[in-house]
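Have a look at the structure below, then the notes.
The values are calculated or read from the model by the stated rules, or taken from the named source; none is laboratory data. In this text, all values refer to a predicted model and were calculated from it rather than measured experimentally. Cβ: placed from backbone, ideal geometry, glycine included. Neighbour counts: every protein chain shown. Side chains are part of the model used for accessible areas, which takes the heavy atoms of the whole protein and leaves out ligands, DNA and RNA. Shrake-Rupley method; radii C 1.70, N 1.55, O 1.52, S 1.80 Å.
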Amino acid sequence: MLGQRTLQGRVAGPKPFCSGPQPAFRVVRPRVANTVRCQADPAGDAASTSGSNGTGGSGLSGHAFNRIPFTGLGSSMLGASCLSSLVLFPSFGGSNGNNGGPGGDGGGDGRGGSGGGSFQQPLYEVAADDKKDEETEDTGVETEVAAPKELEQDEAWKDLVTPSDQLEETAGQRTGTNRCVEVVIEGWPEVGALPKLKDLKDMLNVQEGHIFDYQDIVDDRRKLEVQYDEYIANVEIKTEFVDNKTNHQRVTYKFKPYVFQGIDDIQIKGATLMPQKTLDAIIQTCMPASPYKVDIGVMDKVREKIEKWYQDRGLPFCYVGYFDGMEEGILRANVIEAKINDVAVRYERAKVGEGDDEYTFYNEGEIVPADRIIQSSGFKKGEHYHIDDGYDAMNNIYACGLLEDINIEPEQDMQDPSKINIKIKVEEIEPKSMEMDLDWTFQMKNGLPKVSRQSMIPGGSVEISHENLFGDSQSMTVSLSSSDWRNPAQDLGFQLSYTEPFYAPNTTRNVQVFNTRKLSPVFTSGNESEVPPVFVDRLGVKAWTSHVGGQDNKVEHSLMLQQITTCDENGQTVTKGTKVSRGYYADNGPPTTLSDSGKDVSLAYQHFTALDDVQFVNGNQLGRRALLQVDQGMNLKVPLPGGRSFGLSGGLYNRMVATYTKFMQLPFLPKLTEDDVWIARKAPNTLVLHTRVGNCIGDMASYDYFSLGGPYSVRGYSQGELGACRRFVEAAAEVRAPLKNIGLPGTAYAFAEYGTDLGSSGAVEGNPTEYYRKAGHGMSVGVGLKVLGACRFEYARDCNAGKGTLLVNWGERF
């Protein structure tokens, strides 16, 4: 399967208990001994087609051959090795000499000797049983060679071979190398997991147009016996010359698939998860018209239907292990439903200065104990492994925030295929670390960064982390940030965070003390020539729990107490928004806080839920994402005599935002196949549909109202340019075309977006939308190119003003 969204890790596909292609089924049966037999050159009369069990002359130019019993997969590998070590190899186009052997039983003068010892290439035949040998020995009659077939002339290698009619014929001799000019496949069943004829030819050692020898044929037979022993009863390989002049030969592979007689019933054993109704339907649809004759096509049909049922339900370790019962007149499919047996954790760390694949492995974690990882994974002994379990486990483990890389590898037990062993490989973060970042902040004007003296002053942050603080994976992080490192005390921001990643199963507990300063998009305008910025400074404490329920479910509950101050760029408190009017600063703008002092104290509860099954397919997203956030202000304020009050000034309010995004393959285009995704590594052309709505009621300060416009709202407008409102609706559509499908980097896309305040801007105190002359709604269209990861180069057209803007943004839009 696939990498999981933005996580650094992967879930390996299930590994079968055997190496190489996993057999579709195993047939339990007695084995029949096979023999290797050599056939002589039909062009000469010196050799007999039958071998001899003794060392007496076989008539093959003085070479003696023994028949070696050869068994297939059911025998040990020792038998196979004896085959290659004991069979005497004939000479291929031997050197000219005077050591020719005596003639054979059918040959008379033995031309190999009189011709100067130049014995020519014999024909080889790897027979499937002894019956044909016995018949040949009894009759002493040579097997006739079929007439040479006319070969196709479109292969390029044939241009290098001298045609037979241009060669001078020499009695009893052949010219050229032992070359295969044609591979013939007979009786190969193209069913199920078996390769097609073209793929089968590609895997053979004997290839058309290439030189081959006897060992190539033996190796081919051994390979076919081992890999397809469950399908094929026997394999017969033979060679024959295509003319009377050259050593060019045709190699024929003849297969005999299994056919079982007297089968009158089909049974499925071990399928405990499958309903009886489904079992009966499979048996009924697979029963052949002639119930007393069952071949591998029927067996493969039974296997395919059973395994498809499991695969459709995400159970990769449930499959047909083997068939038996044929001697009882029953075709019995034995199903293996493997269950989790063991879960182990392996820690790894990349070696410093080594290659990407060089790791150091250790059994005990320095930060996260193995039992915590196993507990978070959710794997339990005795349960079936579902295909989504690996992704759920990765998200649950990654939620602790203490691991850089996670790999989950399920595999069947080599001794017992009904058991699954899961290996979790993890790489921990450094126990202690310090990071420093520098950045430069540019204000945007007409969608482009505005360069000024202030923007050239660097800002940045310093972060110090200490993991496993109290021995149970707790962590503490301290960070300091400032927009001006020349005078950091002016706007110094800090965060002090404490995390308990294993507070409860799949749940973390967090506490954070913070001080942040951000530019408010409510008190800005894209139409006014100059508007003094208003910053919102927040000092407070936040406590929350975060629960991760698999790969697509996250729930957070938080409580936050903060003091909120609105100030200008010099840090001075401001109570109202301002703008330049007729050359003077107007101080009649909307209030910045609920209180008249420019400071609010607020207590709020926040709930956040995410349902997210979006996955990356070769760089493009597919899936759905739904987000919901609800903020409830709990600031009770009791009026007192004399115009005083007691309580918090943050207001009593409710604020809700809901987002839904759908990533789908582009309609009206062919969908990608598995070969396109996994072999060609193509990415899908996608259509993204996005909508976002929000609403708030009660007394809420202007800095917490919704703002419209910006790179993550309506592109083509600066942040907050369209308005500040109590209610809004945003809609967007984007078509994405990955350029990697045509060999280029990046993704090209086109988009259209629209946002409106639904006429709710007037309900905001002071009506910032009207004061700063904002439209309250807007639409944009444009095109873009995403390269270098998530760097987006866009051209967006502002449909309100009828002008276009070039934009550079970082990060995903949706």
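What to note about this one:
- Scanning the range 298-317 for residues that are open to solvent by 30 Å² or more (accessible area, probe 1.4 Å) and outside any loop (DSSP other than H, G, I, E, B) gives Lys301, Glu304, Lys305, Lys308, Trp309, Gln311, Asp312.
- Of the residues making up the range 581-603, those that are open to solvent by 40 Å² or more (accessible area, probe 1.4 Å), on the phi < 0 side of the Ramachandran plot and at pLDDT below 85 are Ser581, Tyr584, Tyr585, Asp587, Asn588.
- Taking the listed residues Ile185, Ile282, Ile211, Ile266, the one that is in contact with a Phe, Trp or Tyr (Cβ under 7 Å, 6 or more places away or on another chain) and not hydroxyl-bearing (Ser, Thr, Tyr) is Ile185, with no other qualifying.
- Within the range 192-209, the set of residues being open to solvent by 40 Å² or more (accessible area, probe 1.4 Å) and touching a residue at least 40 places away in the same chain (Cβ under 8 Å) comprises Gly192, Ala193, Glu208.
- The range 613-652: number of residues that are out of contact with any Pro (no Cβ under 7 Å at 6 or more places or on another chain), of a type in the set (Val, Ile, Thr) and in a strand (DSSP E or B): 2
- Cross-chain or 6+ apart pairs with Cβ under 7 Å, the range 676-701 first and farther than 14 Å from Ala626 by Cα, then open to solvent by 60 Å² or more (accessible area, probe 1.4 Å) and in a helix (DSSP H, G or I): Ala683/Lys740
- Filter pass, Glu348 being in a loop (DSSP other than H, G, I, E, B), over 24 Å from Tyr228 (Cβ atoms) and charged (D, E, K, R): no
- The set of residues in the range 642-700 that are on the phi > 0 side of the Ramachandran plot, open to solvent by 60 Å² or more (accessible area, probe 1.4 Å) and of a type outside the set (D, E, K, R) comprises Gly642, Gly643, Phe668.
- Residue in the range 366-381 that is open to solvent by less than 30 Å² (accessible area, probe 1.4 Å), assigned to a strand (DSSP E or B) and not β-branched (Val, Ile, Thr) present: no
- Of all the residues in the range 505-549, those that are more than 17 Å from Tyr717 (Cα to Cα), of a type in the set (A, V, I, L, M) and open to solvent by 50 Å² or more (accessible area, probe 1.4 Å) number 4.
- Residue in the range 256-268 that is part of a strand (DSSP E or B), without any contact (Cβ under 8 Å) to a residue 40 or more places away in the chain and more than 43 Å from the chain's Cα centre (by Cα) present: yes
- Condition check for Val242: touching a Pro at 6+ places or on another chain (Cβ under 9 Å), under 23 Å from Glu190 (Cα atoms), at pLDDT below 90 and not hydroxyl-bearing (Ser, Thr, Tyr): no
- Among residues of the range 583-609 that are closer than 18 Å to Gly698 by Cβ and assigned to a strand (DSSP E or B), those with a beta-carbon under 9 Å from a residue that is open to solvent by 20 Å² or more (accessible area, probe 1.4 Å) and among the basic types (Lys, Arg) at least six positions away or on a different chain give the pairs Pro591/Lys576; Ala604/Arg655; Gln606/Lys542.
- Pairing each residue of the range 389-407 that is among the hydroxyl-bearing types (Ser, Thr, Tyr) with any residue that is assigned to a loop (DSSP other than H, G, I, E, B) and at pLDDT below 90, provided the two are 6+ apart or on different chains, yields C-beta distances under 7 Å for Tyr391/Gln4; Tyr391/Gln551; Tyr398/Leu7.
- Qualifying residues in the range 623-641 (those that are buried (at least 18 other Cβ atoms within 10 Å of the Cβ) and farther than 19 Å from Glu765 by Cα) - the one nearest to the chain's Cα centre (by Cα): Arg625
- Which numbered condition Glu240 misses (of (1) exposed (fewer than 15 other Cβ atoms within 10 Å of the Cβ); (2) over 41 Å from the mean Cα position of the chain (by Cα); (3) acidic (Asp, Glu)): (1)
- Set Tyr398, Tyr385: member being modelled with pLDDT under 90 and either under 27 Å from the mean Cα position of the chain (by Cα) or open to solvent by less than 70 Å² (accessible area, probe 1.4 Å) (or both): Tyr398
- Condition met for Asp342 (exposed (fewer than 13 other Cβ atoms within 10 Å of the Cβ) and either acidic (Asp, Glu) or part of a strand (DSSP E or B) (or both)): yes
- Among strands (runs of 3 or more DSSP E) entirely within the range 749-814, having at least 2 residues that are in contact with a Phe, Trp or Tyr (Cβ under 9 Å, 6 or more places away or on another chain) and open to solvent by 40 Å² or more (accessible area, probe 1.4 Å) singles out 777-787, 803-810.
- Odd one out for Glu569, checked against (1) closer than 23 Å to Thr499 by Cβ; (2) at pLDDT below 90: (1)
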